Structures are given as structure tokens and as C-alpha cells.
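Heads up, the thing below is written out as C-alpha cells.
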Amino acid sequence: MTTKRTDVLVIGAGPAGSIAAAMIQKEGFTVRVVEKEKFPRFVIGESLLPRCMEVLEDAGLLEAVKAKKFQEKFGAKFVKDGAVADYNFSDQFTNGWTWTWQVPRAEFDTTLIKTVERMGVPVAFEATVTAIQFQEDESSTITVQHKDGNIENIEARFVIDASGYGRVIPRLFNLDRPSTLGERKAVFAHLQDPHRMNYDEPNRITIVSYAPGTWVWIIPFSNGVTSVGFVGSFDFFSTIPGDLKAQFQTLIAGHAHLNERFSNVDFVFEPKKLESWSATTDQFYGKGFVLTGNVTEFLDPIFSSGVMFATVSSHMASKLVTRHLRGEKMDWNKEYTQPIQQGVDTFRSYVTNWYDGTLEKIFFSREQDPEIKRQICSVLAGYVWDQKNPYVKDHATALKRLARMISYQSMNS
């Protein structure tokens, strides 16, 4: 059994792991990445938010992504029964980036981690963490099994768990807890999309309200392919007969816009499913480790927040880790857990208000206050830490108040 040493071990080579590794390397510490899968690999979460861009830039990864010429994304469009609510990121309340990308994740994730490798960071693919032993001094010994069966130990001063759905440390140490959000299912595919220019595409994500509690994402890529996914309750999908492909085709045929656009196009890959994705954990950090990205909590795909939280949390965590390694004192709860939890809680309010119909009432009201629309647009762009924005600061109550006001005005108009 071989033993290697590093200042920081990063578990996971997705966007969270790439950001963490790049930032640690940039600060002059040694870092290694282990990833259980082989890249490129498929994953959803294909529509980024502008808040990601400053993180990619600071980590030194932005230019590599720009070179791929992914589809630029300027906003988000919500559609219901012919009504359209279009949010353009250039018209937002918070100062920041006003555009981002829509990306096939296999290519995007590979671009990030290969750039990290070119920075000099060793990356081991198809390598599974099977055990971690933490010492009193916060160092650890991590046991890694490779695809060929070889086992090695990695001694690290600190571990960043960016394993996403893998949730390595929460599962090894029984930290996982169920989310407060309801369980849902997604059925999705990549389709050829020859008619996209007829539908004010492709520079935004389109969210279509399909049925109560059920919605559709439409995410066009620069290569002519479009990602289409249906999200709803298990009960909803149980009413649709057939296998995944038959269900997908039935759902397409059941909506006029989707049927017109996608009924006779070719599949790039046939439908897949993702189920019961929401989970959380007892703690975001511990003695010798920190959790980032979806390991902290993945909410729901409705507002494309997954990659944003992955990159921002890793960016924040890696800065704290380098301070820790230099012997600085910090309050992990105040400087990491509280801000991450605040951002998650803000988006959780928006997710909850989407599924209970509150946001639909706001989005599709006949007259939207321009300033309020700008404030909500900033949340949709990922700027969920701007306490000057009342729809961030008062996220738990502001949307409900606004919806009640809209209902009152509608009854009295």
C-alpha cells in the first residue's frame, strides 16, 4: 500500500472540487483531487447563474470556459398558458455579472478539472474514498481504492468534501439528514432542436408551468442540442403510463408548445431520471474537514442554483482553509455555515413559493413593479447574499406579502 501526502485533499472533481483545488493551488499549498467517476460524465445542472462567474474568474478558470464558446445565457423566462414573465439579468438590483452560460455538463466539468490539472494539481479518476481517519491535530488519513483494485493512503492536513450527490463524509460519519422539501422526480433528455430560433431562443432558460406542481425546463446549448426535463411529484409521474421514453413522449404531446417544438425531433440521448435529490446534513464543517457544494444541501433544479452554490461555497471554504493552514483563527460557524445557510434558506423560500403557487402569482401578474422585478431578478441571478435587497433580507415573508398585495389589487381593479 502506497502513502502520499498533501496539504489538502479534495473529494470530487465537479465544479465544486475544481474551484476548491484551483484556489488552494493558487495560494501555494499542495492539493490533490480524487474522483470516483471517469470523466467526461453526464450530470444535470446545465444552466448556470451569473453569480458563478466571479468565482470562475477568481479561480483562474474563466478563460478556459470562455474558449469553449458555450451558449451565453442572459436571463430566465417563465411561461404559463401563453403568459410570459421574462427576467433579463442586465436589469437586476445587485451589482454583478449580468450573463452566464448554458452548458452540457460533461464538457463543462471536464474543462474545469482538466484546467486544474494543467495548473499542476494531481487528479485521480475512478478512485473511491472508502475510509477517513481524523487525528487530534485535524490531519487525516484517507483510504482510496482505485479502479484496478490498488489501495493507497493519502495523508492530508485538511479535507474538502466536494463530492456532490456522493456525500462522502456525511455518509461515512452518519451526518445525512432528510431535507424539509418534498420528494420529487425529474425525467429528462437531450433533443435536437432545429426550431429554436422560432421561440425567442436560445439565450435564456425557459421554465414552463405544465400542471400544478409540475414544470418543464428548456435549456438550449450552442451545439444545437436542447435539454428538456419534466419535474414533478412521484404521484404525478405514476399517472403517466409506459417506460421513461414513453412517459417523456406522452408529456411532450400533452402540451401545445412542447408538442409543436419537440414532437418529431431526434433524441441525442434517451430519457433518464433523477429521484429524491434533496438532502441536508447536521454540520457543514468539522475538525479537519469542510463540506461544499451539493454536500451541504441540494434544493431543487427549479432556479438552477446547484452549480452556483457548488462554486460559491467551495470558493468561500477554500479561502478559509488556506487561512486555517496558515494558523489564523477564524469562526467557521460565523464565516462559513451562517452565510451558506442564509443563501440556502433564501433559495429554499423561493423553491417553496414556486411549488405552492405564490411565485406564479407574482411572475404572471398583469402589472409588475419594475423595482420589485429587479430585486427578484437579482435572486434569480444568484445574488442571494445581498442584504440590501428586501427579497433577500426578508425572503421568508416578502414574497407572501407581495402575492397578497397582487391578489388584493386584482380583486379591486
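Candidates Trp354, Trp385: the one that is more than 19 Å from Thr100 (Cβ to Cβ), at pLDDT 95 or above and not β-branched (Val, Ile, Thr) is Trp354.
Answer yes or no as to whether Ala131 is loosely packed, with under 14 Cβ neighbours inside 10 Å, among the aliphatic types (A, V, I, L, M) and in the same structural domain as Ala317 (by TED's automatic domain parsing).
yes
When the stretch 245-271 is limited to residues that are at pLDDT 95 or above and assigned to a strand (DSSP E or B), the one that is nearest to Phe230 (Cα to Cα) turns out to be Pro271. Taken across the stretch 64-81, residues that are within 30 Å of Arg326 (Cβ to Cβ) and not hydroxyl-bearing (Ser, Thr, Tyr) do occur, with at least one present.
Name the residue, out of Gln249, Gln283, that is surrounded by fewer than 24 Cβ atoms within 10 Å (Cβ to Cβ) and touching a residue at least 40 places away in the same chain (Cβ under 8 Å). If you could, list the steps in order and put the result at the bottom.
On the way: Gln249 fails: touching a residue at least 40 places away in the same chain (Cβ under 8 Å).
Just one listed residue meets the conditions, Gln283.
Selection of the stretch 134-158 for residues being modelled with pLDDT under 95 and surrounded by 13 or more Cβ atoms within 10 Å (Cβ to Cβ) yields only Glu138. Within the stretch 3-58, being assigned to a loop (DSSP other than H, G, I, E, B), in contact with a Gly (Cβ under 7 Å, 6 or more places away or on another chain) and crowded, with 24+ Cβ neighbours inside 10 Å holds for Gly12, Gly14, Glu35, Leu49, Pro50. Output yes when any residue across the stretch 318-330 is outside any helix (DSSP H, G or I), at pLDDT 95 or above and either on the phi < 0 side of the Ramachandran plot or in contact with a Gly (Cβ under 7 Å, 6 or more places away or on another chain) (or both), and no when none is. Yes.
Matching residues to (1) without any contact (Cβ under 8 Å) to a residue 12 or more places away in the chain; (2) charged (D, E, K, R); (3) buried (at least 20 other Cβ atoms within 10 Å of the Cβ); (4) in the same structural domain as Gln25 (by TED's automatic domain parsing):
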{"residue": "Ser314", "(1), (2), (3), (4)": "no, no, yes, yes"}
{"residue": "Ala317", "(1), (2), (3), (4)": "no, no, yes, yes"}
{"residue": "Thr322", "(1), (2), (3), (4)": "no, no, no, yes"}
{"residue": "Met330", "(1), (2), (3), (4)": "yes, no, no, yes"}
{"residue": "Glu335", "(1), (2), (3), (4)": "no, yes, no, yes"}
{"residue": "Gln338", "(1), (2), (3), (4)": "yes, no, no, yes"}
{"residue": "Tyr350", "(1), (2), (3), (4)": "no, no, yes, no"}
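Any idea which of Lys38, Lys73 is within 16 Å of Arg204 (Cα to Cα) and of a type in the set (Lys, Arg)? Reasoning before the result, please.
Working: Lys38 fails: within 16 Å of Arg204 (Cα to Cα).
When all the criteria are applied, what remains is Lys73.
Ser410 meets the stated requirement of being hydroxyl-bearing (Ser, Thr, Tyr), closer than 24 Å to Gly82 by Cα, surrounded by fewer than 18 Cβ atoms within 10 Å (Cβ to Cβ) and not assigned by TED's automatic domain parsing to the domain that holds Arg157. Taking the criterion of being buried (at least 19 other Cβ atoms within 10 Å of the Cβ), among the hydrophobic types (A, V, I, L, M, F, W, C) and in a strand (DSSP E or B), the residues of the stretch 209-224 that qualify are Trp215, Val216, Trp217, Ile218, Ile219. Selection of the stretch 226-244 for residues being surrounded by fewer than 18 Cβ atoms within 10 Å (Cβ to Cβ) and either part of a strand (DSSP E or B) or among the small types (Gly, Ala, Ser) (or both) yields Ser233, Ser238, Gly242.
Restricting attention to the stretch 382-390, does a residue exist that is more than 20 Å from Pro50 (Cα to Cα) and among the polar types (S, T, N, Q)? No, the conditions are met nowhere in the stretch 382-390.
Among the candidates Phe29, Phe78, which residue alone is out of contact with any His (no Cβ under 6 Å at 6 or more places or on another chain) and over 21 Å from Val10 (Cβ atoms)? Give the derivation first.
Details: Phe29 fails: over 21 Å from Val10 (Cβ atoms).
Result of the check over Phe29, Phe78: Phe78.
Does the stretch 187-208 include one or more residues that are buried (at least 16 other Cβ atoms within 10 Å of the Cβ) and more than 30 Å from Lys69 (Cβ to Cβ)? No, the stretch 187-208 contains no residue that is buried (at least 16 other Cβ atoms within 10 Å of the Cβ) and more than 30 Å from Lys69 (Cβ to Cβ). Only a single item in (1) closer than 30 Å to Tyr199 by Cβ; (2) touching a residue at least 60 places away in the same chain (Cβ under 8 Å) is not met by Ala21, and it is number (1). Only one of the listed residues (Ile132, Ile160) is outside any loop (DSSP other than H, G, I, E, B) and under 18 Å from the mean Cα position of the chain (by Cα). That residue is Ile160. Of the residues making up the stretch 59-75, those that are part of a strand (DSSP E or B) and either touching an Asp or Glu at 6+ places or on another chain (Cβ under 8 Å) or more than 16 Å from Phe303 (Cα to Cα) (or both) number 3. Every test in (1) more than 30 Å from Thr352 (Cβ to Cβ); (2) buried (at least 21 other Cβ atoms within 10 Å of the Cβ); (3) not aliphatic (A, V, I, L, M) is passed by Asp161 save one, and that test is (1).
The values are calculated or read from the model by the stated rules, or taken from the named source; none is laboratory data. Every value quoted in this text rests on a predicted model; they were computed, and no experiment measured them. Note that we place each Cβ from the backbone using ideal geometry, even for glycine, and neighbour counts take in every protein chain shown.
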